[in-house]
């Protein structure tokens, strides 16, 4: 009997130790019920994952992990422009956006937004690559918001390397879930429903170079067009440009290059070494100017002076540079055209 009484006193003491002395008994009971029955906090609703640094420098996983206030600011700009969005969480889409100015929207206002977030959650829980990408949680996550990012990985069989060049695709908060998006592409032509063509005049060469080719229907002189491209290379890319022109003025070459400098294309923190040579040749008979450009790039996440630290572009970075250079050339040509029109992915009209 003494042992039973002693055990009863110990159990009673332990039970009461879990409740603050200042709390009345009914309030303590309600607190316990609320803690066990009400939905768990956001951290428990998502997933308990090893977190990967993305907003960083010097690590392979470093990439683009925007803060929530930047996402809200970008969404406000999208709303003012009235741009419809569809979820875009694929690192390797041909319409890859610049990493520093993506479009964002709440999942319920973005076409396919909820499905995209559920897909990211499922991939993060699985923890293995899918089509060369790995979905992870970033170190920017907290109890108030969770950041889910997609990263490039190298995979051989069932083994895969560390995540590289990660990009945050969704931010989950208590009030709303935010997802990256882009403007829906135009509908395909009849018969091309199953064929995806990037709306660019560029492609990747086997050695890794980016090639841009345009045919410009223009009766005007060649030199103003060449000077417009030269200005864009100098002002928007920070390149040093040398122009050479033949006497008959039907051929102009632009040889452009840079040393190690901050990238004007990738997100803040990336360094690059770049060359971009552009050649223009006019045909008086057809009144067509052939514009051909080729770029080689090396990038680095650290501000170092050793070229051995620089490396080639990832798939996602190549897509970003391809789209940027393609747009840069086309828009620079448009600046000297009274009437400019893009006929197709390779043909421009300048009259």
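Observations on the model:
- Cα convex hull volume per residue for region 201-298 (Å³): 104 Å³
- Taking the empirical scaling 2.2 N^0.38 Å for compact globular proteins as reference, region 304-346 has a Cα radius of gyration ratio of 1.72.
- As a rough footprinting exposure proxy, the listed residues 151, 350, 166 were ranked by other beta carbons within 10 Å of their own, and the order from fewest upward is 350, 151, 166.
- Ranked by the mean number of other Cβ atoms within 10 Å per residue, highest first, peptides 155-161, 228-234 order as 228-234, 155-161.
- A Förster radius of 22 Å combined with the Cβ-Cβ distance from residue 309 to residue 209 puts the calculated FRET efficiency at roughly 0.60.
- Length gained when the stretch residue 118-residue 339 is fully extended (0.36 nm per residue, less Cα-Cα span): 75.0 nm
- Counting only the Cα atoms, region 44-182 fills a convex hull of 108 Å³ per residue.
Throughout, read-outs are computed from the coordinates displayed, never taken from laboratory work. Worth saying up front: this structure is predicted, and the values here are computed from it rather than measured. Positions of Cβ are backbone-derived with ideal geometry, glycine not excepted, and every protein chain shown enters the neighbour counts.
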